[in-house]
1. If you take the beta carbon distance between Ala383 and Leu322 as r and set R0 to 56 Å, what does 1/(1 + (r/R0)^6) give as a FRET efficiency, to the nearest 0.05?
2. How much length would be gained if the chain were fully extended between Asn296 and Ile367, taking 0.36 nm per residue of separation minus their Cα-Cα distance, in nm to one decimal?
3. Could you give the length gained by full extension between Asn138 and Lys358, i.e. 0.36 nm per residue of separation minus their alpha carbon distance, to one decimal place?
4. Extending each Cα 7 Å along its Cβ direction at Ile66 and Ser20, get the distance between those two points in nm, one decimal.
5. Hey, if we sort Glu106, Glu56 by accessible area with the 1.4 Å probe, largest down, what's the order?
6. Hand me the chymotrypsin sites (Phe, Trp or Tyr not before Pro) from the range 292-389 located in a DSSP loop with no more than 10 other Cβ atoms within 10 Å, in residue order please.
Amino acid sequence: MLLYKNFFKLLVKYKTVILSYLIIFGFLMTMIGLFNSDQSSGVFEEASFTICYVDEDDSALSRGLIDYLKHSNSVADVKDKTETQVEDLMFFRVYMHEFKFEKGFEEKVINGNADGIEYISDLPSGAQAYVLSNQINNYINTYRTYLKMGYDNETAASKTKDSLTSHAEVIVNTNEAEKQGESNFIYNFNQNIWYIMFTVMAMSAGVVIINAMEENLSQRIEAGPISRKKRTFINMAGLVTFGLALYVIVLIVNLIAGRGSTTIRDYFWIIAINDLLATISSCALIAFITSFPISNKSINMIAILLGLGFSFISGAFVPQFLLGDKLLTIAKFIPTYWFVIVNNMTHSQGYSTFDQSKVFQSFGIQILFIVVFCLGTAVVSKARTELKK
């Protein structure tokens, strides 16, 4: 009991490290929450771009298409300017895009060939280019459809514009948007729990364990009736107690920040169990690492490398669908991957459909990792004891 109390007396010395990480993490999560709140706006805005054009065809199609582009973009005719002047306007970002409708453009479109339009942009493969190309293609395809229905060119152009510029009224339910923002915050908050738990505990409680197992101190303690095996158990108990204290704080944050959100309403018990397993697996991994003869500086370096590395390849920082199959195959051999898998299923932002059987499978694998780390700790501690005899 004395060593157990002493564990926390030593832990108090590292309160600055603990508070620093918690404050930094809290600040980052607050920024994420504010960002999600800003996205929950009740206003729908259509994309608008700056465009200049030269219409050499002067047909019903080219005039109609230009008129359609004016509906949601800033469009200007530059036929009276030289090529050099237009290039200067593009260079100084007065216009971001230039279109040129060559002679015979309408005839080519009617015959099934739209190569008559020349498109110029600083970012030809960017998002703006995609949106504009999509607008033009929609107009051309709709125009062809009206021609097939028997309308003349002018009528087809007019009806095409009317069809594409008629939008249904968009109403955003702000209450639901606020709930979605809360769900986004909860998802991002829990996505980083394994990293913050492991890093904070490794750089504070991990250092305490290393100091407690220091050679000279260890020999003085072993002169008494307390064996290395018992001290390892006491250190593990103190580490888990500290981890559970952090876990309670995490649960409180989830309940307060996510009150009324769909994520907490539907998946709170899953999040609670997943965060608990993340806490215990972090404790078990730290106990395994500190069972080796390493220094204080080494545990700090290991905490940063493993914390960031495990979180990255597991998809905590980058969505899993963006990671390669080979990287994900490697990630399956660390507990963080299975923690992220479960968290992804509690929110649409995780790009993963909820599957209860897969949730329990992930829980089971995380428990298996905890058992393996604990057995590894026991084996290494016993080996170190045997070597000293």
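1. Details: r = 41 Å, r/R0 = 0.73.
Here the calculated transfer efficiency is 0.85.
2. Fully extending the segment from Asn296 to Ile367 adds 22.8 nm.
3. Full-extension gain reported as 75.0 nm.
4. 6.4
5. Values: Glu106 30, Glu56 90 Å².
If we order Glu106, Glu56 from most to least accessible, we get Glu56, Glu106.
6. Answer by residue number: Phe333.
The values are calculated or read from the model by the stated rules, or taken from the named source; none is laboratory data. Model, not experiment: these values are computed from the prediction. Cβ: placed from backbone, ideal geometry, glycine included. Neighbour counts: every protein chain shown. Ligands, DNA and RNA are stripped out before the accessible areas are found, and what is left, the full protein with its side chains, is counted by its heavy atoms. Shrake-Rupley method; radii C 1.70, N 1.55, O 1.52, S 1.80 Å.
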